[in-house]
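Report on one structure; see the data block that follows.
The values are calculated or read from the model by the stated rules, or taken from the named source; none is laboratory data. What you see is a predicted model; the values in this text were computed from it and never measured. Cβ atoms come from the backbone with ideal geometry, glycine included; neighbour counts cover every protein chain shown.
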Amino acid sequence: MSVATISPAKFSELCQQDKKVDLIDVRTPVEFREAHVANARNVPLDQLDPKTLMQSRNGTTNEPLYIICQSGGRGKQACEKFANAGFANVVNVEGGTRACAEAGLPVVRGQKAISLERQVRIAAGSFVLTGAALAWFVNPAFIGIPAFVGAGLIFAGITDTCGMGMVLARMPWNQCQTSNDSCSTK
């Protein structure tokens, strides 16, 4: 499925034209709190309901809805959700928040956090190391742990969907208590 995209440079030009740009950031609340493009609203990918979101746009359904994440992958998934729900005027911002910051768009910065991508690498590495150690020292059957993680990483690479990332996104340390500014810091 083809997803409409816009480059950070073109998106920056659009924002500078004083047009009201509806921008949805689909990262976790903690990632959003750390840094986000000014005027973006946070609707995490795992909580995204295209129909409800489009109904809440107050008559702006004919205007494009721009989607952003950290680097573009989750934004593409969100655009596909909208397309599957029958909404075509949805555009993924290429390269995500990182690329927009590099293109000079104003970015709101808050409290630092470990990115979801880093959390996935830490968790996957921990599972592989633990499984390998258990297989070596306890029982060879534990080799299934790193094999399972390896299969999951291959699946994530092929489908651009990370099950471990989706699970980690729901963890308490990746959630906000009440608003974008008062996130849990456990």
| Count of residues meeting criterion [touching a Ser or Thr at 6+ places or on another chain (Cβ under 9 Å), farther than 30 Å from ALA38 by Cβ and of a type outside the set (A, V, I, L, M)] in region 95-154 | 2
| Of everything in region 57-95 that's basic (Lys, Arg) and modelled with pLDDT of 90 or more, which residue is nearest to the chain's Cα centre (by Cα)? | ARG74
| field | Of the criteria (1) on the phi > 0 side of the Ramachandran plot; (2) in contact with a His (Cβ under 8 Å, 6 or more places away or on another chain), which one VAL107 fails | value | (1)
| Of the residues that make up region 134-152, is at least one surrounded by 14 or more Cβ atoms within 10 Å (Cβ to Cβ), in a helix (DSSP H, G or I) and touching a residue at least 24 places away in the same chain (Cβ under 8 Å)? | yes
| message | Conditions first: (1) in contact with a helix residue (DSSP H, G or I) (Cβ under 6 Å, 6 or more places away or on another chain); (2) of a type in the set (S, T, N, Q); (3) modelled with pLDDT of 95 or more. ASN139 passes all but one, so which condition is the exception? | response | (1)
